[in-house]
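S.K.: Mind having a look at this structure? Questions to follow.
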Amino acid sequence: MRKMPLLVALTAAATLALTACTDASQPADSPSTGSAGETSTEAPFDLTSIQKDDAAAALLPAEIASAGKLVVASNTEYAPAEFIDADGRTPVGYDIDIITAVGAVLGLEVVIESADFPAIIPALGSKYDVGISSFTITTERMAEANMVSYFNAGEAFSVQKGNPKNVDPTNICGLTVAVQTGTVEDEGAEEISSTCVEDGEQPLEVLRYDNQADATTNLVGGKADIMYADSPIVSYAIEQTNGEIEQIGDVFDSAPQGIVTAKADTELAAAIQAALTVLMEDGTFTDILASWGNDAGALDESVVNPPAS
């Protein structure tokens, strides 16, 4: 859920290797099919083995420490980062595992609540303690919330297999684009469309969907000419559709993502940063991401409110 550059930046995408596009490859011996067509498997890493770190836990706000739990909002419709497993109720994904590990370091029970993506940040500090949902770190978001960096992702376009509509990823003016509502891809599509009009070309027709699975479905069905999402999500969608769609062009505009807390919850942000640091330094963080095939996106250092590009 990231920010799209202007069209002129697309030509620079070739400088990024395709290997920067991570996927959620999973062991072939034990997959299960999710309610939205996604699959998951038990991660090789045992999250229950993570021990509490007293120094990190000491940074928690008193009310959260005494409650003993962390209420986390996530838009569980964005596989493989966060989605609902085959049982139709259990949140899974690499973001879910990461925040569960953070909670374990802090000695907290983690309670995941599914939420609409645009509603997460406004509800921080009242309904939710924390949000984790592939939030790209932007200046605009940091004006509303604290963002604790943990993961790096790029963006990518995808089309139907074989690119039957001959889409040129360096110029998508006039095309029908599928995005998830409220994401920075949604915002970016509007920026691209405006640039198209300024250049005397046709605007985009932007198809907005409440969940990423619907965006993928409508690309497969041909309603959309192109889909625009985070690179791990595109890779996973290719896998889950058995290659009915394909990435077009290279991964571009790589940027960090962050766990969010209410702007006033600076103590909580510091505690989360400390917990992530523990996980990064002992190798647990990379192991978690590797179990989802996304260790290439692991950051080496977690920062509260880092500079945004």
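S.K.: Please name which of 226, 293, 114 has its Cα lying farthest along the dipole of the chain towards the positive end, using unit charges on Cβ (Lys, Arg +1; Asp, Glu -1) and the Cα centre as origin.
M.R.: 114
S.K.: Name the residue from 279, 245, 61 whose Cα lies farthest towards the positive end of the charge dipole of the chain, charges +1 on Cβ of Lys and Arg and -1 on Cβ of Asp and Glu.
M.R.: With unit charges placed on the Cβ atoms, the residue in question is 61.
S.K.: Next question, about the same structure. Determine the gain in length on full extension of the stretch residue 282-residue 246; use 0.36 nm per residue of separation and subtract their C-alpha separation, reporting nm with one decimal.
M.R.: Extending this stretch completely gives an extra 9.3 nm.
S.K.: Oh, and also: What FRET efficiency comes out for residue 166 versus residue 210 if R0 is 41 angstrom and r is the Cβ-Cβ distance? Round to the nearest 0.05.
M.R.: Computed FRET efficiency for residue 166 and residue 210: 0.85.
S.K.: Compute the length gained on full extension between residue 295 and residue 113: take 0.36 nm times their separation in residues and subtract their Cα-Cα distance, giving the result in nm to one decimal.
M.R.: My answer for the length gained is 63.0 nm.
S.K.: Rounded to the nearest Å, what's the spacing between the alpha carbon centres of the stretch 81-131 and the stretch 291-305? Just the number, please.
M.R.: 17 Å
S.K.: What distance in nm separates the simple spin-label points at residue 218 and residue 139, each placed 7 Å from Cα in the Cβ direction?
M.R.: Each label point lies 7 Å from its Cα, and together they span 3.1 nm.
S.K.: Related question: Normalised by the number of residues in the chain, what is the relative contact order in percent for Cα pairs under 8 Å and 6+ residues apart?
M.R.: It rounds to 30 percent for the chain.
S.K.: If you don't mind, there's one more thing I want to ask. Note down the net charge around residue 69, summing +1 for each Lys or Arg and -1 for each Asp or Glu among other residues with Cβ under 13 Å from its Cβ. Before the final figure, lay out each step's value.
M.R.: On the way: positive: none; negative: 63, 109, 113, 129.
With Lys, Arg at +1 and Asp, Glu at -1, the neighbours total -4.
S.K.: If you add up the charges near residue 107, with Lys and Arg at +1 and Asp and Glu at -1, over every other residue whose beta carbon is less than 11 angstrom from its beta carbon, what do you get?
M.R.: -1
S.K.: Same structure, new question: State the dimensionless ratio Rg/Rh of the stretch 155-260 (Rg: radius of gyration of Cα atoms; Rh: Kirkwood radius).
M.R.: The Rg/Rh ratio comes out at 0.95.
S.K.: Which value in deg cm²/dmol, rounded to the nearest 500, describes the helix-derived mean residue ellipticity at 222 nm for the chain, given -39,500 (n - 2.57) per DSSP H run of n ≥ 4 and division by the residue count? Kindly include the intermediate steps, with their values, before the conclusion.
M.R.: Numbers: 10 runs with 87 residues, N = 309.
After summing the helix terms and dividing by residue count, I get -8000 deg cm²/dmol.
S.K.: Please work out how much length the chain gains when fully extended from residue 67 to residue 263, using 0.36 nm per residue of separation minus the C-alpha to C-alpha distance, in nm with one decimal.
M.R.: Net length gain for the segment: 68.5 nm.
S.K.: Can you give the local net charge around residue 125? Use residues other than it whose beta-carbon is closer than 9 angstrom to its beta-carbon, Lys and Arg +1, Asp and Glu -1.
M.R.: Here the count lands on 0.
S.K.: What is the antiparallel percent of DSSP beta bridges lying wholly in the chain, to the nearest 5?
M.R.: Restricted to the chain, the bridges split so that about 65 percent are antiparallel.
S.K.: Quick one: 3J(HN,Hα) in Hz for the stretch 121-138, Karplus 6.51/-1.76/1.60 with θ = phi - 60°, rounded, Gly and Pro as x.
M.R.: Coupling constants for the stretch 121-138: 4, x, 9, 5, x, 10, 8, 10, 7, 9, x, 9, 6, 6, 6, 5, 6, 10 Hz.
S.K.: Express as a percent, rounded to the nearest 5, the fraction of DSSP beta bridges in the stretch 103-250 (both residues included) that run antiparallel.
M.R.: So the antiparallel bridges in the stretch 103-250 amount to around 50 percent.
S.K.: Identify which of the listed values of volume of the Cα convex hull per residue in Å³ was calculated from the structure shown: (1) 152; (2) 119; (3) 267.
M.R.: (2)
S.K.: Explain nothing, just the number: dipole magnitude of the chain about its Cα centre with +1 on each Lys and Arg Cβ and -1 on each Asp and Glu Cβ, in debye rounded to the nearest 20.
M.R.: It comes to approximately 260 debye.
Computed from the coordinates by the stated procedures, all read-outs in this text should not be read as laboratory data. Bear in mind that the values here come from a model prediction, so they are computed numbers and not experimental data. Cβ atoms come from the backbone with ideal geometry, glycine included; neighbour counts cover every protein chain shown.
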